[in-house]
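To keep things clear, I will list the structure first and then write my remarks on it.
Please treat every number below as a calculation from the coordinates, not as lab data. Keep in mind that what you see is a predicted model, and the values were worked out from it rather than measured. FYI the Cβ positions are ideal-geometry reconstructions off the backbone, even for glycines, and counts take in every protein chain you see.
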């Protein structure tokens, strides 16, 4: 029972580089989301999706792109990384109206 | 848009002490409320949630929380903490049937053995 799987777990980038954080879930959840976690600021929603082909912006979407071509996958793209994007990123999914988010293990990104 | 405030950023307790972590939210309508816990080096896990009904909800590991609608609060409590409760605790809110779960800044709890 894999749940929510994120890769990579650690990544170091140089300013201006691009990369994709992968997220996959095997629970057939319609809802998927990306959060970033920064000290003292809790988790802030970047983007979310309520189903394949549907995405929407969260609280801090600038500098990030997402797509949802399948129910299982929800990749997060950094087009041109900036030091301000140094953070821990969590992917999460939930089923219907239960409200409970299931989180991945997190991806720690450092932008130099 | 909703917001969540957790007023205690760091709490240090001795084992067997009682715990209460504050959480206040701002939103004009009906909400769903959650407490999540993040143990060191791990991802977030659900402690408990409130959707409707009895405002006193019980979660895992002896935690409970009380929803007081008039105070827009959802405080987390535990009568007697253990060293293994050392973690960061996050309160979160979403509008009823909404999709944007908003988290508070977190409270880092350290329990001394």
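Enter the Cα centre distance for the pair segment B:32-90 and segment A:18-49, rounded to the nearest angstrom.
Each part's Cα centre sits 22 Å from the other's.
Peptide B:40-48: average number of partner chain Cβ atoms within 10 Å per residue?
Across B:40-48, the average partner-chain Cβ count within 10 Å equals 4.
Using all C-alpha to C-alpha distances in segment B:37-81, build P(r) with 10 Å bins and read off the rounded percent in each one.
Final binned percentages: 26, 49, 23, 2.
Based on the Cα atoms of chain A, what semi-axes does the equivalent ellipsoid have, where each is the square root of 5 times one gyration tensor eigenvalue, given in whole Å with the largest first?
Taking √(5λ) for each eigenvalue gives 22, 14, 13 Å, largest first.
How well do other chains shield peptide A:41-47, expressed as the mean number of their Cβ atoms within 10 Å of each residue Cβ?
What the average comes to for A:41-47 is 5.
Sort B:9, A:47 so that the residue with the fewest other Cβ atoms within 10 Å of its own Cβ comes first and the one with the most comes last.
In increasing order of surrounding Cβ atoms, one gets B:9, A:47.
Which percent, nearest 5, of DSSP beta bridges in chain A are antiparallel?
90
For a Förster distance of 22 Å, can you work out the FRET efficiency between the beta-carbons of residue A:10 and residue A:38, rounded to the nearest 0.05?
0.85
Would you mind ranking B:35, A:34 by Cβ crowding within 10 Å, fewest neighbours first?
Fewest to most other Cβ atoms nearby, the residues stand as B:35, A:34.
Evaluate E = 1/(1 + (r/R0)^6) for residue B:16 and residue A:100, where r is the Cβ-Cβ distance and R0 equals 25 Å; express this FRET efficiency to the nearest 0.05.
About 0.25, to the nearest 0.05.
Report the dimensions of segment A:3-66 along its three principal axes from the alpha-carbon atoms, largest first, rounded to Å.
Sorted largest first, the three principal extents are 34, 24, 23 Å.
When only Cα pairs under 8 Å and 6 or more residues apart are kept, what is the percent relative contact order across chain B?
Relative CO of chain B lands at 38 percent.
Report relative contact order for chain A in percent, whole number only (criteria: Cα-Cα under 8 Å, sequence separation at least 6).
Relative CO of chain A lands at 36 percent.
Taking only C-alpha pairs under 8 Å that are 6+ residues apart, what is the relative contact order of segment B:53-113 in percent?
Computed value for segment B:53-113: 25 percent relative contact order.
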